[in-house]
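A quick write-up on the structure given underneath.
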Amino acid sequence: MNYDLPISNLLGVGPKMAEKLERLGIETIRDLLFYYPRTYDDFTNPVPIKSLRIDDEKIIKAKIIKISEARTNRRWMSLIKAKLADETGEIEAVWFNQSFLLNVLKEGSEFLFLGKVHWDFKNKKKNFTVTSYEKEAKILPVYGETEGLTSKFLRKLIEPLLEKFSIVDYLPDEIKKEQSLIDLASAVKNIHFPATNDQMHAARRRIAFDELFFIALKMQEAKKELSVSRAPKIKFDENILKNFVNDLPYKLTNAQRKTAWEIVQDLENSRPMNRLLEGDVGSGKTVVAAMAVLTTVKAGFQAVWLAPTTILANQHYQNVSKLLKDIKVGIWTAGSKLADFKNDDLIIGTHALVQKGVNFDRLALIIVDEQHRFGVKQRAFLKEGAFKKNDTVPHFLSMTATPIPRTLALAFYGDLDLSIINEMPAGRQKVITKIVPPKERNQAYDFIKNQVEAGRQVFVICPLIDEKVSSDRLLDVDRKSAVKEYEKLSKKIFPQFKVGLLHGKMKVSEKDEVMQKFKNKKIDILVSTAVVEVGIDIPNATVMMIEDAERFGLAQLHQFRGRVGRGKDQSYCLIFSESWSDSTKKRLKAMITCDNGFDLAEIDLDLRGPGEFTGFCQSGLPDLKMASLSDRIMIEKAKVAAENVVKKGIENYPKLLEKFKEFAITKHLE
Ligand code: ADP
Ligand code: MG
């Protein structure tokens, strides 16, 4: 079978279905085989009825005591009710519009039922909304779904393919043996249809290892390559830096001094700097980077400073121009024409600048702000692509406020040196963080009203723009979207105030306009999606209200919180969530007890499920489908294995080399 054929070659996949599959990123048969389950419905492991709690989504094994069709108030709806029982208790199950079930689920027979527990207000007892049932105990894959495309359908497509499936295993036997990994063909089969939990885990482990291994391999190769490149030597002038520091309206923290020192030392070297400056939100990375720029420019070179969004590029332009008064600063964003930067000392822009192949004659330093949002592809391009001149590459400094736990940073940015700003400027106020229960929403609005009346400004963050993305089965909660909240707040709750809206689908010019208005206090309350996450500086904003907070990672929530508390007034972070699972509770409570981004990142890493480290996963690294970033041990193992391969020379492993080349192209690492 040719796995690279378009998906429409499969029986049962017409043009409509192919379109839906495409929406999930499935274009070829191969894509389908590697479309791994999100989770499983484990019908081998039912729970006792007695243990069911409201909102649980569980599987029970129960006998049908009685089943009947009931009338509903609304005539068009049929309601099937069944009394289910196991030896621990009874529960009433309900189905809507599925009359045919009367012929299948006979009284006295036993089935496994997957469903969700609700509270039946009328009868004051629990009931069970069944979503699927099985006769046999088996483990069924649950895939990420889209409208009109169910896991059930995907199972039917994938299962027969696996019968005939064969694949080259590229991983060297020695690694498989060392790490006790199963072969690839079994892994792919068992990841879809494991017979046992052990099989499922072994399959996930193998696939997870591969994901981490290839990333680690890429890092090790990059490091090897860079170690033979050359960069301009930039001499630093201690007096210039001293004067600069003395002119600042504040005293640098020790951490700022130390990291600035590490950076200017690197610049003097002919080996290109490749450094990551990590520091919590508000720790003052900008001024440290500005010192690197100053050093570079005074030595006669140019620097480029890149930001992930136009808003941030503009903000940097304003701030950095003020900070570095006597150097020429140019700005380039997606909207601007391609200008000639020959006479600028520093060019600030969005990463789109990278693709323009602008010619810089004297470029010696590239700074990338909010590195975790910046694709690895762009990073590679910066280092090796258009900016390479006469065999020299610029020095490279990336900055991030996403506190990446050290093990992860080493494994994933293994080609970078680390500088960490681990202290905050003195006298920073603490933002008061509160988790607001749904019933206190109105009090929160009153509080916001008082703040705005006192002249302050407010952020309201929502996870969605406008569409309803419901990949979570059964969880048909109406999630907060920025557009809807904007409507509600501007028309109903705060008609007397100026409410603004900001989201990623707006035009660049519109976004800038809104941000400028917010800065100039022409907007009191800004409803926004996560686009405000990084870097935005509005000292007059004192309230950060976050809707559906469980949808964000802790590091990201901490970023949001860092948007307030930047001025002299006491600031507040109000966290809302409609979901109160134990893990959500634990995570969100950490926001109250902890205000250090690095610690929060560690907590998130421990508490969140596989591949869920938000912010980090968007870093432009290939999607981790199976690997868990909380699996520090496997990350370390993958790194060691990759180091060994690079040491021995990857060309000694032809199958691996071929796969690696393919990976490097398809995963956009270069
Ligand atoms: P981030 O690390 O999040 O990029 P910024 O560089 O934007 O932080 O700095 C946040 C604010 O702190 C800025 O207004 C900056 O002027 C100020 N700042 C930076 N360093 C110090 C310091 N040592 N003392 C007091 N304020 C500082
Ligand atoms: Mg910043």
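The values are calculated or read from the model by the stated rules, or taken from the named source; none is laboratory data. In this text the structure is predicted, and so the values were computed from the model without any measurement. Neighbour counts are summed over all protein chains in view; Cβ atoms, including those assigned to glycine, are modelled from backbone coordinates with ideal geometry. To get the accessible areas, we keep the full protein, side chains included, count just its heavy atoms, and leave off ligands, DNA and RNA. Shrake-Rupley method; radii C 1.70, N 1.55, O 1.52, S 1.80 Å.
Computed values, structure above
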quantity	calculated
3 or more residues more than 31 Å from the chain's Cα centre (by Cα), within 16 Å of ligand 2 (Cβ to nearest atom) and not assigned by TED's automatic domain parsing to the domain that holds residue 554: qualifying helices (runs of 4 or more DSSP H) within the range 218-324	310-323
Residue within the range 90-111 that is assigned by TED's automatic domain parsing to the domain that holds residue 71, farther than 15 Å from residue 46 by Cα and of a type in the set (Val, Ile, Thr) present	yes
Single residue of the range 530-555 satisfying the filter (open to solvent by 10 Å² or more (accessible area, probe 1.4 Å), under 25 Å from residue 583 (Cα atoms) and not hydrophobic (A, V, I, L, M, F, W, C)) that is nearest to ligand 2 (Cβ to nearest atom)	551
Residues located in the range 106-147, provided they are part of a loop (DSSP other than H, G, I, E, B), under 30 Å from residue 19 (Cα atoms) and open to solvent by less than 50 Å² (accessible area, probe 1.4 Å)	143, 144
Some residue of the range 364-377 being over 25 Å from the mean Cα position of the chain (by Cα), more than 16 Å from ligand 2 (Cβ to nearest atom), at pLDDT 75 or above and open to solvent by less than 50 Å² (accessible area, probe 1.4 Å)	yes
Subset of the range 40-81 [in a loop (DSSP other than H, G, I, E, B), open to solvent by less than 30 Å² (accessible area, probe 1.4 Å) and among the hydrophobic types (A, V, I, L, M, F, W, C)]	43, 52
Lone qualifier among 183, 198, 210, 173 - being open to solvent by less than 30 Å² (accessible area, probe 1.4 Å) and among the acidic types (Asp, Glu)	210
Filter result (among the small types (Gly, Ala, Ser) and touching a Ser or Thr at 6+ places or on another chain (Cβ under 8 Å)) within the range 284-301	284
Residue selected from the range 243-284 under the condition farther than 22 Å from residue 414 by Cα and among the polar types (S, T, N, Q), by the criterion farthest from ligand 1 (Cβ to nearest atom)	243
All positions within the range 639-670 that are outside any helix (DSSP H, G or I), buried (at least 18 other Cβ atoms within 10 Å of the Cβ) and modelled with pLDDT of 80 or more	653
Check on residue 497, hydrophobic (A, V, I, L, M, F, W, C) and either part of a loop (DSSP other than H, G, I, E, B) or outside the structural domain of residue 461 (by TED's automatic domain parsing) (or both)	yes
Of residues in the range 498-529 being closer than 17 Å to residue 308 by Cα, aliphatic (A, V, I, L, M) and away from ligand 1 (no atom under 16 Å from the Cβ), the one most open to solvent (accessible area, probe 1.4 Å)	508
